[in-house]
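**Q** A single structure is presented below for examination.
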Amino acid sequence: MARKNEGAKHDASLLATLRLIRTYGVGPLTYHRLLAHAGGDPVQALKLAPELASKCGKPLTLAPQSVAEKEIEIAHKNGCFLLSIHDPDYPDALQQIEDAPPILHCMGQKGVLKRNRPLAVVGARNASAHARQWTKRACREVSAKGVTVIS
C-alpha cells in the first residue's frame, strides 16, 4: 500500500501545507495562525491566506502547487517521505510546540516517531569533517539500539 502522499495525485492537505510554508513571509507561527483562522483545515487556510494578508496590508503570493509537488518528488527520489503536522504519525511532543514545523522530512519507518524516545541531533552548519563523521557513527549506533534519531 502506498503512502498517502506518494504517486501522481498528492494529498490535498499535504500540498496546501507545503504551499503555505514555502510561501515567502509564512513561517511556522504564521502557518499556525492561518490554520487557526481556517478551523484547522490547511486547504481552507491556503484559500484564506491572501485575503487575510491583504487585510493586514501585506500582499501575499502563494507558492505554486508545482513547487510543493516538486518537493515531494525530490524527497521520494532521495528515499524520504514528508510528514505534515496533520498526519496522525506526527510526533505528539513536537506538535505541542507553538512554532512546530508544519512539515518534517523523514527517512526510515514512519511509525517509530510515535513509539520510540527520540534523540534530537543539532549541530553547526559548518561542522568539521571529523565532527560530521563522529555524529554519523554515533547516530547509527543509537539507532541500532532502537532510538529514533531526529535531526
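**Q** For residues that are surrounded by 14 or more Cβ atoms within 10 Å (Cβ to Cβ) and among the β-branched types (Val, Ile, Thr), scanning just segment 95-139, find the one that is modelled with the lowest pLDDT.
**A** So the residue we want is Val112.
**Q** Find all pairs meeting these conditions: Cβ atoms under 8 angstrom apart; at least six residues apart or on different chains; first residue within segment 31-45 and farther than 17 Å from Glu98 by Cβ; second residue β-branched (Val, Ile, Thr) and open to solvent by less than 40 Å² (accessible area, probe 1.4 Å).
**A** Going by the 8 Å Cβ cut-off, the qualifying pairs are Pro42/Thr17.
**Q** I'd like to verify a number: residues in segment 69-103 that are of a type in the set (A, V, I, L, M, F, W, C) and in contact with a helix residue (DSSP H, G or I) (Cβ under 8 Å, 6 or more places away or on another chain), how many?
**A** So the first thing to find is which residues in segment 69-103 are of a type in the set (A, V, I, L, M, F, W, C), and the list is 72, 74-75, 80-83, 85, 93-94, 97, 100, 103.
Keeping just the survivors that are in contact with a helix residue (DSSP H, G or I) (Cβ under 8 Å, 6 or more places away or on another chain) gives 72, 81-83, 85, 100, 103.
Result for segment 69-103: 7.
Yes or no, residue by residue, for (1) in contact with an Asp or Glu (Cβ under 9 Å, 6 or more places away or on another chain); (2) loosely packed, with under 11 Cβ neighbours inside 10 Å:
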| site | (1), (2) |
| --- | --- |
| Pro50 | no, no |
| Pro59 | no, yes |
| Ala68 | no, no |
| Glu71 | no, no |
| His76 | yes, no |
| Gly79 | no, yes |
| Leu82 | yes, no |
| Pro88 | no, yes |
| Pro91 | no, no |
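The values are calculated or read from the model by the stated rules, or taken from the named source; none is laboratory data. Worth saying up front: this structure is predicted, and the values here are computed from it rather than measured. In this analysis, Cβ positions are derived from the backbone assuming ideal geometry, glycine residues included, and neighbour counts consider all displayed protein chains. SASA here: full protein model, heavy atoms, side chains in, ligands and nucleic acids out. Shrake-Rupley method; radii C 1.70, N 1.55, O 1.52, S 1.80 Å.
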